[in-house]
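What follows is a set of notes on a single structure, which appears directly below.
The values are calculated or read from the model by the stated rules, or taken from the named source; none is laboratory data. Because the structure is a prediction, the values reported are computed rather than measured. All Cβ positions, glycine included, derive from the backbone under ideal geometry; neighbour counts span all protein chains shown. Keep in mind that these areas ignore ligands, DNA and RNA; they rest on the heavy atoms of the full protein, side chains included. Shrake-Rupley method; radii C 1.70, N 1.55, O 1.52, S 1.80 Å.
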Amino acid sequence: MIELTPQYITNFSKPQRFVRAMELKGLAPLILLETFVTSGRTIQANNRGGFDEARERLTEESIGALFWFAGVKVFNRINDFWLSKLLGIKNTNFDAHGDGVRKPLKNYLKWAKDAGQNLSKSKIAAFKATKIGLSILLANGLVGFVVPKLNQAITRAYHKDDKKFNPQVDFNKFRTMGHNPDFGMQQFMKNVSFTGAADVALNVAHKFENETIYQLLSTDVGISGGRTISARNNHERVEILWRDGSSIFFYMFCMPLVNKGLNMLQQGLPSRLNPVGARQATDYMKYVMGDKLFTPEEFETKMLGKQDVTSQMAKVKPGFKDGAIELDKFLEILRKEFTPEEYSKYADLAKRMSKLQPQIEGVSVLAQSQAEAIFKGGALNVPEFWDNVFTVAKGVEKETKVINGVRTQVITPNHKNPFKYVSQKDLDGTIEKIRNYTKGILKKANGANITPELLEKAYKNNMFKNSMNWGIGFAISAAFLSTIIPKIQYWITKKTTGSNTFPGTTDYSKKD
């Protein structure tokens, strides 16, 4: 058994983490991108509409960015608090989605039952769907409706003594949506049946609660709709529709598509191991090699193990359901189908592999991909290495507990947390990228011996290609979002009105 020092994302350099964050839509790259966007749009707004348009754009983009980054998450925490109190749910720190290997909801319901709480899947589905739905509506409502009206009011205030100023809207006719303060949320939660659609509700709620792309898209669509409705006239409405609608592609999809395209040209594969994963794999392979040099054939066997385990998997595959099998059942099949020597070897690996995920209601399980790795062997299929990779890739949860009278910080990797959902498919994809990275090293060796210097050269090449590919995508997105899209927006207004002025303060009534 290999002893490895546990690794966390903080063990890696800022450049490595920043490039990785571009792949994961992390906060730092988004803030940098939004800085370019806000600056570019404000400058162009000032060039066209002067102070009024520049101030409105700066206000709208800044507040919009703040809610885009964290609006849904902040409101989700607020709703988490009051809804859990309302429904009597004591602990809300759990995920409700799962797969064959991880079932956090089952673990949570068992924990709740042991703690004296009478909870059901339908009640959890109602709770999760309601709180994330309210969070999205609140974030979108504030930025889509409140901020535009606030912006317009500020502009009117600047011109309150200007008799020639055209406010562009009759606010006496504006009506808010009705609100009934006696509406009983708890009664609603009791009466609405989620039973038939509980799994769908839990799946959708989980995506919007935990996955960045769903949160950003939901905010994009909602804010764009709100801003369009809140526009002061049709010319401003057309500008908003174009600007916000076309921006979604460059915020969400441009960088990944550019990265995939460049990866295909460079290596024939759409994905590439990120710099953090490459650093982990490189350092681990150096550790395994020690002072020895390996021929390409020796290196491949040492790191990747057997390439074909079809015959071994055929013996155990019937026992798998939904990509998973109970550990005891797997060990039973091993004992029947393999020699004592093979059983001893495979059983030890299986027990260690099963610790990469939490037990399901007290029962240890094994993923099908883990069984394949057990039969393949090789240093890159060791569970202790996978544990480090998954910990860095999926993060940890830190919690302060009192142990033997001492306050202690307990760190639990998310992939081992019984109440957290980490997709086994995502984890398998990460390992597959490491294998492809290793095969790329063999290809670059071109028959020469594998040395630590060659491994380091491969890592630096990976870092360069990752930085370049994501950087090109970033530059294209920034250029369109900050400059090209606004210029087309202004061109549309000029073509339809005959003047290059700000629709928010310009009277086009004589031209309509």
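Restricting attention to segment 67-121, the residues that are touching a helix residue (DSSP H, G or I) at 6+ places or on another chain (Cβ under 9 Å), among the acidic types (Asp, Glu) and open to solvent by 20 Å² or more (accessible area, probe 1.4 Å) add up to 2. Of the set (1) more than 30 Å from residue 464 (Cβ to Cβ); (2) modelled with pLDDT under 95, all apply to residue 307 but (1). For segment 308-326, the set of residues classified as open to solvent by 20 Å² or more (accessible area, probe 1.4 Å) and not in a loop (DSSP other than H, G, I, E, B) consists of 310, 311, 312, 314, 315, 317, 318, 321, 326, listed by residue number. Taking the criterion of being β-branched (Val, Ile, Thr), closer than 22 Å to residue 368 by Cβ and in a helix (DSSP H, G or I), the residues of segment 378-407 that qualify are 389, 391. A search for C-beta distances below 6 Å between a residue of segment 478-499 that is of a type in the set (D, E, K, R) and any residue that is open to solvent by 60 Å² or more (accessible area, probe 1.4 Å) and part of a loop (DSSP other than H, G, I, E, B), counting only pairs 6+ apart in sequence or on different chains, returns 494/500.
Scanning segment 25-39 for residues that are open to solvent by less than 60 Å² (accessible area, probe 1.4 Å) and either free of Cβ contacts under 8 Å to residues at least 24 places away in the same chain or not in a helix (DSSP H, G or I) (or both) returns 25, 26, 28. Restricting attention to segment 27-83, the residues being hydrophobic (A, V, I, L, M, F, W, C), closer than 21 Å to residue 240 by Cα and touching a Ser or Thr at 6+ places or on another chain (Cβ under 7 Å) number 8. Any residue in segment 441-456 that is in contact with a Phe, Trp or Tyr (Cβ under 9 Å, 6 or more places away or on another chain), of a type outside the set (A, V, I, L, M, F, W, C) and farther than 30 Å from residue 103 by Cβ? The answer is yes; a qualifying residue exists.
Applying a threshold of 8 Å to beta carbon distances and a minimum spacing of six or more residues, or different chains, the list of pairs starting in segment 40-51 at a residue that is touching a residue at least 24 places away in the same chain (Cβ under 8 Å) and of a type in the set (Lys, Arg) and ending at one that is surrounded by 21 or more Cβ atoms within 10 Å (Cβ to Cβ) and not in a helix (DSSP H, G or I) reads 48/502.
Among the residues of segment 7-24, the ones that are open to solvent by 40 Å² or more (accessible area, probe 1.4 Å) and among the small types (Gly, Ala, Ser) come to 1 in all. Here segment 223-254 is the region considered, the condition is being open to solvent by less than 20 Å² (accessible area, probe 1.4 Å) and in contact with a Phe, Trp or Tyr (Cβ under 6 Å, 6 or more places away or on another chain), and the residue that is nearest to residue 152 (Cα to Cα) is 230.
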